[in-house]
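Let me begin by presenting the structure, written as structure tokens, before commenting on it.
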Amino acid sequence: MSNIINPFGKDITVVETELCGKPLKFEINRLGFRASASVMVTYGETVVLGTAMVGKKPVSGMDYFPLSIDYEEKFYAAGKISGSRFIKREGRPSDEAVLIGRLIDRPIRPLFPKGYRQEVQAVATILSMDPSFRPDAVAMIALSTALSLTGAPFDGPIAGLRVARVNGEFKAFATREEIEASDLDLVVAGTEKAVIMVEAGASEVSETVVGDGIAWAHEQMQPAIALQKELIAKVNPAELEYELILPNEDIQKEVDAWVDGKLGEAIRKDYPERNELVAVLRDAFHKDMVSQHEDQYEALRGEYDEAFTKALHEDVRRGIVEHKLRPDGRQLDEIRPLSSDVGLLPRVHGSSIFTRGLTQALNIVTLAPLSYAQMVDTMEQNDGERRYMHHYNAPGWTVGEVRRIGSPGRREIGHGFLAERALAAVLPTEEEFPYAIRSVTEIMSQNGSTSMAATCSSCLALMDAGVPIKRPVSGIAMGLMMDGDTAYVLSDIADAEDFAGDMDFKVTGTENGITALQMDMKVHGLPVEILREALEKGKIGRTKILEHMLTILKEPRAKLSPYAPRIEKLMINPEKIGAIIGKGGETINKITSETGAQIDIKDDGLITVAAVDGDAIDKAMAWIKGLTEEPEVGKIYDGKVVKVMDFGAFVQFMPGVDGMVHISEMAEGRVEKVTDVVNEGDEVKVKLMAIDDRGRMNLSIKAAKE
């Protein structure tokens, strides 16, 4: 360390503390000299470089904060080379990396001031990874530290922890095995005083357990926040000058005066009527402003439009706080009209459509043999398999826009993952249901919470396909608005409430408990007690939606679609796998070509045989059993005489397995010559009478006849 020279003549600064039982260390001026700020964070044997760059000026014409958060997996960090045969260099981020980037973005973005338009990029690069825990929480801490050292108006620092529940106790930095065995996988991010983001996957746990986990994580992350503050105080970064792009106060006053009396009750209508009224009102507003400001207006149109939107948001908040009424006239806990259907697509394996207000999701489920599971090759996991896949698509026309269709973006990947996680806890095991399952949600219309519509439609389609899920799952998006210390919790939020609110969270679960959760604050954090209240009200909302779903389909169908492959399974001794495969795959290729069935073999000895034709499965299963079956005393077999001796005959009754039928066991009464009863090549039924201590098989034709 002492040999490192900083080209700017700055000393390497190191601060350390302990976090959840391991040393946590920050180092600056050691790597990344030309970034606005960089920090090397070491936690145990995991090392993450957090870098941040801040633009000099606001990006012109930008109506949103141009922040990009990237999480870079490096295979070398885990001492690995990619398992791909053709591509060894890291390329497009994996879905896992995209999801972690979103996870870090969500608590950071709201801590910049509204109207901030400087371009900001933060990159977490994993340089070394202790495989015993995931590095995502360390990456979040690294980027919070880097951003705090830039001097930009970031209202941090923050920290994050991933928490599992091991033997009933909460544990941070749990191993992957502990997380998989845990009934809760919870990520919490927060500032010194409040929680600002929550994400969870769970196996039907209670709202109380989730609330306790959030509180525990927030308390445990405090040393990481304190260490960041210590480093910031040592560096004392100069505050960067910046300019907020906010509506001109005079323009806002003019807009507020124009909309006075035109909002509130006048546009408190059900969707889509409300949207149409707002569109007409916005158009009339711009026409009136053009007539008043003439040629000057075109240059200011964007500011006026933003001020108009702000007035709409304030009207939404005012209606909720003062009148307890929402933009479409609903009560705070009222859910939009629900309608659903299943089995509407005749050739697919399972299908459903779920409609809630203007939001509509079509879901299609496809079943396939286990060999169709997705291979996962990431920095953290190599040659793993993803047996259940949920994919989410939402083209521009679903929001009434013209938009180029391309590959899925971060939003589509994130929404798909949330819906996938919601159902993962109730899926049958491979042994119970040996299928790969692909669930695709095609959003048909959007007006709030499409990820929860995807969850509900996916659940119905899985049941329509005959997938024996443990219990049905429903999901709801909840909102929250703060008025001072008073919290107003909204059930089933639509777009207008989402844009105007202070928090939105999605919660999914069964009648027994939560299976997935995602909370995002738009304010600078909320206390745990308010989050507990929101969780309890979310339980009431998702229960109502579940009741509706059960009126459509109460339980999984007893039979699969006639177009779905039939799959039978068989557990064999793993040592017998070679007998099925044969030399160079000769045997298994012969079985598949002659029967038409598809055969998948797991290392633990699980054999699955798939085909649409049941006869093909029966033939393949019989063939495999013949190759792998262990001799069973007392069982009758079809055999073939392979050798005749004076004292009896050798009969092959299983592939590669011969036994002896003594002349006394040929028939009732005395047999003078073996050839009086059997000859070489004859097919006979034999009963396995015994296996002696040397492994010799004693057979009987006489007993088989009896």
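Remind me, relative contact order of region 13-235 in percent, using alpha carbon pairs under 8 angstrom and six or more residues apart?
20 percent
Normalised by the residues of region 636-705, what does the relative contact order come to in percent, with Cα pairs under 8 Å and at least six apart?
That works out to 34 percent.
Assuming R0 = 45 Å, can you tell me the calculated FRET efficiency for the pair Arg89 and Lys229, based on Cβ-Cβ distance, to the nearest 0.05?
So the FRET efficiency works out to roughly 0.70.
Could you list the residues of region 594-633 with an amide nitrogen less than 15 Å from a label point located 7 Å from the Cα of Lys559 in the Cα-to-C-beta direction?
613-614
For region 487-561 and region 242-284, write down the distance between their C-alpha centroids in whole Å.
Between the Cα centre of region 487-561 and that of region 242-284, the gap is 29 Å.
Suppose the chain between Asp692 and Asp613 were pulled fully straight at 0.36 nm per residue; how much longer would it get relative to their current alpha carbon spacing?
24.3 nm
Normalised by the number of residues in the chain, what is the relative contact order in percent for Cα pairs under 8 Å and 6+ residues apart?
For the chain, the relative contact order is 10 percent.
Please work out the Cα center distance from region 72-99 to region 126-140, rounded to the nearest Å.
14 Å
Taking a threshold of 19 Å on the Cα-Cα distance, which of the pairs Lys324/Lys539; Lys262/Lys310; Lys253/Lys310 fall above it?
Lys324/Lys539
Once you place label points 7 Å from the Cα toward the Cβ at Asp377 and Thr13, how far apart are they in nm?
In this crude label model, Asp377 to Thr13 measures out at 4.3 nm.
Averaging the inverse of every distinct alpha carbon separation and then flipping it gives the Kirkwood radius. What is it for region 313-368, in angstrom units?
Result for region 313-368 stands at 13.9 Å.
Using per-residue counts of other Cβ atoms within 10 Å, averaged over each peptide, order 429-435, 514-520 from highest down.
Sorting 429-435, 514-520 by mean packing, highest first, produces 514-520, 429-435.
Over the Cα atoms, compute the radius of gyration (one decimal) and Dmax (the largest Cα-Cα distance, rounded to a whole number) for region 1-115, in Å.
Spelled out, the Cα radius of gyration and Dmax of region 1-115 are 17.4, 48 Å.
Just from the alpha-carbon atoms, what are the Rg and Dmax of region 636-705 in angstroms?
Cα radius of gyration and Dmax of region 636-705 are 10.8, 31 Å respectively.
Can you compute 3J(HN,Hα) from phi for each residue in region 152-159, using the Karplus curve 6.51 cos²θ - 1.76 cosθ + 1.60 with θ = phi - 60°, rounded to whole Hz and x for Gly and Pro?
The phi angles translate into 6, x, 9, 8, x, x, 10, 9 Hz.
In sequence order, what are the phi-derived ³J(HN,Hα) couplings for region 115-130 according to the Karplus relation 6.51 cos²θ - 1.76 cosθ + 1.60 with θ = phi - 60°, rounded to whole Hz, with x for glycine and proline?
x, 6, 10, 5, 6, 10, 10, 10, 10, 9, 10, 7, 8, 8, 10, 6
Using only C-alpha positions, report the orientation-averaged shadow area of the convex hull of the chain, nm², one decimal.
Mean shadow area of the hull around the Cα atoms is 40.5 nm².
Quick one: Karplus J couplings for region 686-695, per residue in order, coefficients 6.51, -1.76, 1.60, θ = phi - 60°, nearest Hz, x for Gly and Pro?
After applying 6.51 cos²θ - 1.76 cosθ + 1.60, I find 10, 10, 7, 8, 6, 10, 7, 5, 9, x Hz.
In what sequence do Met53, Met40 fall when counting other Cβ within 10 Å, fewest first?
Result, fewest neighbours first: Met53, Met40.
Could you calculate the contour length gain from Glu533 to Glu273, that is, 0.36 nm times the residue separation minus the distance between their Cα atoms, to one decimal place in nm?
Between Glu533 and Glu273, full extension yields 90.4 nm more.
Go ahead and estimate [θ] at 222 nm for the chain from helices alone: -39,500 (n - 2.57) per DSSP H run with n ≥ 4, summed, over the residue count, rounded to 500.
Helices in the chain give a 222 nm mean residue ellipticity of -10000 deg cm²/dmol.
Could you tell me how many degrees, from 0 to 90 and to the nearest 10, lie between the Cα long axis of helix 450-464 and the main elongation axis, the longest principal axis, of the Cα atoms of the chain?
Around 20 degrees separate the two axes.
Do any trypsin sites (Lys or Arg not before Pro) in region 18-99 lie in a DSSP loop with no more than 16 other beta carbon atoms within 10 Å, and if so, which?
Listed in order of number, the matching sites are Arg34, Lys74, Arg85, Lys88, Arg89.
Output the pairs from Lys80/Lys506; Lys57/Lys80; Lys522/Lys544; Lys56/Lys88 with a Cα-Cα distance over 29 Å in this structure; if there are none, say none.
From Lys80/Lys506; Lys57/Lys80; Lys522/Lys544; Lys56/Lys88, over 29 Å: Lys80/Lys506; Lys57/Lys80; Lys56/Lys88.
Compute the acute angle (0 to 90°) between the alpha-carbon long axis of helix 614-628 and the principal axis of greatest extent of the alpha-carbon atoms of the chain; round to the nearest 10°.
70 degrees
Give me Leu67, Leu480 ranked fewest to most by other Cβ atoms within 10 Å of their Cβ, as a rough exposure proxy.
Leu67, Leu480
Determine the distance separating the Cα centre of region 208-230 from the Cα centre of region 365-403; give it in Å without decimals.
One Cα centre to the other: 33 Å.
Could you put Tyr271, Tyr637 in order, starting from the residue whose Cβ has the fewest other Cβ atoms within 10 Å?
With the fewest neighbours first, Tyr271, Tyr637 line up as Tyr271, Tyr637.
Which length gain, in nm to one decimal place, applies between Tyr297 and Ser339 when the Cα-Cα distance is subtracted from 0.36 nm times their residue separation?
10.6 nm
Read-outs: derived from the displayed coordinates by stated rules, not from any lab. No experiment lies behind these values; they were computed from the predicted model shown. Cβ: placed from backbone, ideal geometry, glycine included. Neighbour counts: every protein chain shown.
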